[in-house]
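Working notes, beginning with the structure itself.
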Amino acid sequence: IELAEFPRHGARMSVEAQAVAAEGENDSNPVIGHRVRLGNNDLEGTNKRILASRIRFNRNHFFIPRDQPVELVFFRLMFNQLKSQCKVVPPEDEAVPMECFARVFERFFYLLKEPQNFNVKDYDEDGDGWVTWSEFFQIYRDQDITVRLSLCERIFYTLEDSDSSAFANIVSMFVLAVIVVSSFCFVFSTVHIFQILPEDGSEPKPVEALQRIDSVCLVIFCVEYVLRLATCWNVRTEMSRKNQNLLLAKVVGYGPVKLASPLIRLLRFFFSPANLVDLAAIFPGVLGAFVDIQGGGFVVLRLIRLTRLFRVFKSRSFIEPIIIIGRTLQQSTSALYILVFNLLLGVVISGSLIYIVEGLGQWDEDTQSYLRQKGAIWNKTSGQFEDEMEQTPFASIPHSFWWSLVTIMTVGYGDHYPVTGMGKVISAGTMVFSLVMLALPVGVVGGNFSQVWADFEEDKQREQQMILEEQRFVTTAMQNLAPEKLARMMLVEIWDDNGIGQDSGNTRPHPFRFMGEASCLVEVPMDEVVTKTVTMGLVGNPDIVQRAVKGKIVVKYIWTPCSRATAPGLTGKDLIRRPSEEFSDLRGSLQVTIEGASGLLNLLTPSSSTSGSEKRKHVSSPYCMVFLYPQRPVDGAVLRPEVWRTPTARRTLNPSWRVTDSFNYDWTRTPRPVDDPPLLRPKEDPGCNGCDLAVESQSDLILDQALTLLRELHLELKHVRETVKKVGDRVNALDVAAGE
């Protein structure tokens, strides 16, 4: 950033004033800081950050707004889809047929249930039957296209989509906490110390505190489920931000646009797997409140309540591991099939062999079972070892499968085991076989897991890159096609001045010195003076640095408009102006006052051994940078904000700047005559001795003639293009006739 200090209010900053600003003191005539001129290399990044803050500002609502504007990125997606559907080569790379343009917006406005009165031909400025991106963009400027959500939709999305608003995020976290509390209460209710033993000797019950907590959680779950059930019939799922792909498919598609009826929406909600889990979680509690059911069946119903833990996977942060595991298993199906087949084969063979060796022994008529040799005991009478027999646990081949499965899976419970020599040999072979069979697919599954994890991270990076490209595209489009969208934007950034007062101002602040930012839309009506004080909470900016910030800032501004009659040259019908350009006549003065901030983040944390006097030195020295767009850019020029840097408040986290600066707004367009012939300057007197004037007049005459020729050439090219189009239509008609 190149810094340039401009004299403000008729006086430069003196050395004494700089010292006062460095100390953060207030004076009757405080130093207001200086203006900062951005270098050309920093313009694109700065505009992108400011526009990104504008998008975040539009999305940062505590409650879901009734009207949600359709973002420019969605218009670009529609345009790209139309280009991919077009089978005719357009005259330009960025163009779609007029018929497709009309079809798409007819379907779009039908889905929005907001009829718009606009003429499609108005957006084909050159009349060639094709809509370029700049012409396509005009509908975004001219039509205030918004998605109007009903009260039912706002309630449903608040409970269903945690990213829809700040309040929805709070509700989601609260419900998640209630789920955890309810699950812990159910688990602890099975512990003996948290149970009450009735005097009649019946089954124990949980203590009263756990019962009350569980009842409160059940009421919360019931209210949440009933609210979603009562509002789902009026919810258009395609209008949700996370379902924009569904809306895009319906808009650019060719099939009939079908909207689900309220009954179909209700049935889809009721029978969706996630909502069936929610119903199963609250059903046992509701049933137990009205019916006294005892026995093992009710215990099973109570266990179903733990299924509410699956609601945790609705959160994106918790669903990622499940997605990775699912993709890994999907890619490892061949190896898993081979593993299962070999294991089943091993279970059958080893189970059959162990039955033959250990199960088919001596038949005992008393117990009607086979006996196996357990070992040998010494008989003192005969002086010999005698066989000790016991009932074999391998009563049949299916009974042997349990031992075989436990052995192959390397669990080894020890409830059944062979005792004969041949049985131990078969057990050893089974163990070796299981180790080999289990080790073979481990490498395949592990390799697939690593690959899936890497692919998942690449997809996330690719998605982030697409978001950055979309932001860059939106920034470019805003700068070139709708710069007035940023006319009301004011961004305030707070930086740390490294604790030394006024910085040198030769380089851009290091991202580590970022302390937060705040943005707002300034009210700039063209017929009213506005005085407003805004208190804004500071937020972080991941484009600068990943850091949690805190604090708030107070900004006051006074807007004084200029009457349209005072604008020079803005008289009537000689100007080309679109009626949708709300800031085309914006002129006035904006006086901005940075009052102060409080509770800022300290970037200079002292160590534990620092003394009290030294700790006061380890405090950040904040200053503000205010970004505004008071001037309309010249056609073709890059949109350039005006940046104002306040003085530094030294060593304080609650600065009080109280400095003011003024910005002159002028968003009026340069007048341009409509269909007027090129004007020639009056010729100079031939008798004039000033050769310079003659040369200048001659140059002007040549320039005017060149402009006239260019205008005629443009008309001729337009005529040729129309003729070629007619010839093409005639050739297509002849081809059809020849085919018939």
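The values are calculated or read from the model by the stated rules, or taken from the named source; none is laboratory data. All values reported here derive from a predicted model rather than from experimental measurement. Every residue, glycine among them, receives a Cβ derived from its backbone with ideal geometry; neighbour counts consider all protein chains shown. Calculation scope for accessible area: heavy atoms of the full protein, side chains included, ligands and nucleic acids excluded. Shrake-Rupley method; radii C 1.70, N 1.55, O 1.52, S 1.80 Å.
Which helices (runs of 4 or more DSSP H) does segment 268-358 wholly contain that include 2 or more residues that are at pLDDT 90 or above, charged (D, E, K, R) and touching a Pro at 6+ places or on another chain (Cβ under 8 Å)?
Counting at least 2 such residues, we get no helices (runs of 4 or more DSSP H) at all.
Would you point out the residue of segment 411-435, among those that are in a helix (DSSP H, G or I) and open to solvent by less than 70 Å² (accessible area, probe 1.4 Å), that is modelled with the lowest pLDDT?
GLY421
Which condition from (1) at pLDDT below 60; (2) outside any helix (DSSP H, G or I); (3) open to solvent by less than 80 Å² (accessible area, probe 1.4 Å) is the one that GLU684 breaks?
For GLU684, the failing item is (3).
If we keep just the residues of segment 381-410 that are surrounded by 13 or more Cβ atoms within 10 Å (Cβ to Cβ) and among the small types (Gly, Ala, Ser), which is nearest to TRP363 (Cα to Cα)?
ALA395
VAL452: in contact (Cβ under 8 Å) with a residue 24 or more places away in the chain, over 18 Å from ILE354 (Cβ atoms) and among the β-branched types (Val, Ile, Thr), yes or no?
yes
Just to be sure I understand, how many residues within segment 531-556 are of a type in the set (Gly, Ala, Ser) and surrounded by 15 or more Cβ atoms within 10 Å (Cβ to Cβ)?
Number satisfying all stated conditions: 2.
Name the pairs whose Cβ atoms lie under 7 Å apart, with the first residue in segment 400-427 and at positive phi and touching a residue at least 12 places away in the same chain (Cβ under 8 Å), the second surrounded by 16 or more Cβ atoms within 10 Å (Cβ to Cβ) and part of a helix (DSSP H, G or I), and 6 or more positions between them or separate chains?
THR410/SER434
Please count how many residues of segment 131-180 are among the β-branched types (Val, Ile, Thr), over 23 Å from the mean Cα position of the chain (by Cα) and surrounded by 17 or more Cβ atoms within 10 Å (Cβ to Cβ).
Qualifying residue count for the region: 5.
Looking at VAL492, is it modelled with pLDDT under 90 and aliphatic (A, V, I, L, M)?
no
Among the residues of segment 367-390, count how many are of a type in the set (Ser, Thr, Tyr) and not in a strand (DSSP E or B).
Selection size over segment 367-390: 3.
I'd like the full set of residues that are open to solvent by 20 Å² or more (accessible area, probe 1.4 Å), assigned to a loop (DSSP other than H, G, I, E, B) and either modelled with pLDDT of 70 or more or closer than 22 Å to PRO622 by Cα (or both), limited to segment 33-68.
HIS61, PHE62, PHE63, PRO65, ARG66
Going through segment 170-188 one residue at a time, which ones are modelled with pLDDT of 85 or more and not aliphatic (A, V, I, L, M)?
Hits for segment 170-188 are SER172, PHE174, SER182, PHE184, CYS185, PHE188.
With respect to SER84, is the statement that it is exposed (fewer than 15 other Cβ atoms within 10 Å of the Cβ), assigned to a helix (DSSP H, G or I) and among the polar types (S, T, N, Q) true?
It is true that SER84 is exposed (fewer than 15 other Cβ atoms within 10 Å of the Cβ), assigned to a helix (DSSP H, G or I) and among the polar types (S, T, N, Q).
Tally the residues that are assigned to a strand (DSSP E or B) and buried (at least 18 other Cβ atoms within 10 Å of the Cβ), restricting the search to segment 181-220.
Residues in segment 181-220 being assigned to a strand (DSSP E or B) and buried (at least 18 other Cβ atoms within 10 Å of the Cβ): 1 in total.
Between PRO398, PRO441, which is in a helix (DSSP H, G or I), under 53 Å from the mean Cα position of the chain (by Cα) and not acidic (Asp, Glu)?
Criteria check complete, one pass: PRO441.
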